[in-house]
Amino acid sequence: MWGVFDERRPIYRQIAEQIKNDVLRGVLHADEQIMSTNQYAAFYRINPATAAKAFQQLVDEGLLYKRRGVGMFVSPGAQQTLRAERRKRFFTDVVRPMVAEAQTIGIPLADIVDHIQQPTDATGEAR
Amino acid sequence: MTLTITVNDLQVRYGETVGLQDLSAELPGGKIYGLLGRNGSGKTSLLAVLAGFRKPSAGTVTVDGLPVFENSRITRQVCLIRESGIVGDPTDSVRDTLDVARRLRPGWDAGYATTLIELFGLPPRKRVSELSLGQRSAFGVAVGLASRAPVTMFDEAHLGMDAPTRQAFQDELLRDFIARPRTIIISTHLVEEHSPLFERVLILREGRLLVHEDLDDLRAQGMSLTGPAATVDGVVAGLTILNQQQLGPTKSVTVSGAPDEVRRAAEAAGLEIGPVAVQDLFIHLTQPTGATR
């Protein structure tokens, strides 16, 4: 893996985001052990201190917990906590930009609502 | 074992020319440092002083509390691989040079040296002077890593290396650093490619130390703001502007060290906020002092 991370933002925050997404999507389960900082560093070709900083942030946020001499694990309530956080941001982060774009190009909000309410096929495309 | 490097009011002069000045820094052991700066900014002078190859004109440089210059107790713990991988007598073969390093370096790992020579595909019987630039650089890396010196420094170790070799170098460096933490200082112009390896970064400009901080903190500092010129000017008033560009009515400004209020003000004003790459920050920060922005 070379250049997986965006050089323009702190890498530790990007690692933390990546792990949060894995927890949210259920790729990482409650009480599951995550990779060690050294495994992480070697895999992504980054400084181990950077990986450690990301893990520490997640511990501080209560999303990971440490078992001395064993490693880091996903906190039992992590997925719920993250879902609640993302729900709070959903309308500002996802809906507002979409509405702004719709207004810029002249799509009435009613059209958007209709589109969302149409049944979708397996690919997520409206039929 | 990790050793702390302490530099106090260091000055290096070459006759009338000042190579380094007012340079003070403490580098705790066990970290990978990136040493960045434009050509002629003093990177090689600093490395030469840290390795004891050159005597400070003024000020002090200590490793583990002891002066470096003419102090074999310390210089044996410090390994500097100079540009283009010249180590020892270039008319010696690769194998003979490794043999010399074995006798000079208390931490030398001959087995690891052989592994690296094979990994980089270097011919053991060939003279070092007959290697290509990329091969010499790889040879320098092999010697530097196999020395397992508590302070290991690479000056432009990547010169002439092709992409697969550079990647192998980064992998080996990280693998060995994780297994045996020590101080590693890498001077490089490949800012973007090498910066994920660094924990801290030192940036030199015209012989002075401009930046010494955690690389992720540096990454977080830069911000670009784009929008109508008057709005942008209002938001960035009083900030350190690193760069600005205008295209018609739209202006884009790169600022450094902006507080959160600025971000909020920019959001409220509808400006587009973007991050700034380390390489761009580096280019802007190291503008020669005489240049107009």
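The values are calculated or read from the model by the stated rules, or taken from the named source; none is laboratory data. These figures come from a predicted structure and were not determined experimentally. When we count neighbours, we look across all protein chains shown, and the Cβ atoms used for this are built from the backbone with ideal geometry, even at glycine. Surface areas here come from the heavy atoms of the whole protein model, side chains and all, with no ligands, DNA or RNA. Shrake-Rupley method; radii C 1.70, N 1.55, O 1.52, S 1.80 Å.
Just one of B:19, B:42 is over 15 Å from the mean Cα position of the chain (by Cα) and either at negative phi or buried (at least 16 other Cβ atoms within 10 Å of the Cβ) (or both); which is it? The match here is B:19.
Residues that are under 16 Å from the mean Cα position of the chain (by Cα) and within 29 Å of residue B:49 (Cβ to Cβ): find the helices (runs of 4 or more DSSP H) completely inside region B:174-283 holding 1 or more of those.
Numbers: elements: B:191-194, B:215-221, B:229-236, B:260-268.
Per the criteria, B:191-194, B:215-221.
If you scan region B:241-266, which residues turn out to be under 23 Å from residue B:216 (Cα atoms) and open to solvent by 60 Å² or more (accessible area, probe 1.4 Å)? Scanning region B:241-266 gives B:260, B:261, B:263, B:264. Which residues, taken from region A:49-78, are surrounded by 14 or more Cβ atoms within 10 Å (Cβ to Cβ) and basic (Lys, Arg)? Hit for region A:49-78 is A:53, nothing else.
From the list B:116, B:133, exactly one residue is surrounded by 18 or more Cβ atoms within 10 Å (Cβ to Cβ), in the same structural domain as residue B:80 (by TED's automatic domain parsing) and among the aliphatic types (A, V, I, L, M). Which is it? Testing whether each residue is surrounded by 18 or more Cβ atoms within 10 Å (Cβ to Cβ), in the same structural domain as residue B:80 (by TED's automatic domain parsing) and among the aliphatic types (A, V, I, L, M) leaves just B:116. Evaluated against (1) hydrophobic (A, V, I, L, M, F, W, C); (2) closer than 21 Å to residue B:14 by Cα; (3) at pLDDT below 95, residue B:47 falls short on exactly one condition, (3).
Test residue A:113 against the stated conditions and say whether it is touching a residue at least 24 places away in the same chain (Cβ under 8 Å) and open to solvent by 50 Å² or more (accessible area, probe 1.4 Å). It is false that residue A:113 is touching a residue at least 24 places away in the same chain (Cβ under 8 Å) and open to solvent by 50 Å² or more (accessible area, probe 1.4 Å). Would a scan of region B:133-145 turn up a residue that is more than 14 Å from chain A (Cβ to nearest Cβ), part of a helix (DSSP H, G or I) and touching a His at 6+ places or on another chain (Cβ under 8 Å)? Yes: one or more hits. With respect to the stated conditions, residue B:52 is touching a Phe, Trp or Tyr at 6+ places or on another chain (Cβ under 7 Å), free of Cβ contacts under 8 Å to residues at least 60 places away in the same chain and small (Gly, Ala, Ser).
Within region A:1-56, take every residue that is of a type in the set (A, V, I, L, M), more than 12 Å from chain B (Cβ to nearest Cβ) and not in a helix (DSSP H, G or I) and give me the one that is farthest from residue B:274 (Cα to Cα).
A:30
From the list B:171, B:176, B:216, B:155, the one residue that fits, being open to solvent by less than 20 Å² (accessible area, probe 1.4 Å), closer than 29 Å to residue B:111 by Cβ, of a type in the set (D, E, K, R) and within 12 Å of another protein chain (Cβ to nearest Cβ), is B:176.
Scanning region B:71-98 for residues that are among the acidic types (Asp, Glu) and either touching a Gly at 6+ places or on another chain (Cβ under 7 Å) or buried (at least 16 other Cβ atoms within 10 Å of the Cβ) (or both) yields B:83, B:92, B:96. Restricting B:224, B:256 to residues that are in contact with a Leu (Cβ under 7 Å, 6 or more places away or on another chain), within 14 Å of chain A (Cβ to nearest Cβ) and within 28 Å of residue B:203 (Cα to Cα) narrows the list to B:256.
Restricting attention to region B:275-288, the residues that are open to solvent by 20 Å² or more (accessible area, probe 1.4 Å), closer than 24 Å to residue B:231 by Cα and facing chain A (nearest Cβ under 9 Å) add up to 2. Within region A:9-29, residues that are without any contact (Cβ under 8 Å) to a residue 60 or more places away in the chain and under 29 Å from residue B:223 (Cβ atoms) have Cβ atoms under 7 Å from residues that are acidic (Asp, Glu) and open to solvent by 40 Å² or more (accessible area, probe 1.4 Å) in these pairs: A:14/A:6, counting only partners at least 6 apart in sequence or on another chain.
Matching residues to (1) in a helix (DSSP H, G or I); (2) modelled with pLDDT of 95 or more:
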{"site": "B:23", "(1), (2)": "no, yes"}
{"site": "B:33", "(1), (2)": "no, yes"}
{"site": "B:40", "(1), (2)": "no, no"}
{"site": "B:73", "(1), (2)": "yes, no"}
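Sub-9 Å Cβ pairs linking a first residue in region B:9-37 that is without any contact (Cβ under 8 Å) to a residue 12 or more places away in the chain to a second residue that is of a type outside the set (Phe, Trp, Tyr) and part of a loop (DSSP other than H, G, I, E, B), at least 6 apart or interchain, are B:14/B:57, ordered by first then second residue.
With respect to residue B:163, is the statement that it is more than 25 Å from residue B:4 (Cβ to Cβ) and within 14 Å of another protein chain (Cβ to nearest Cβ) true? Answer is yes for this residue.
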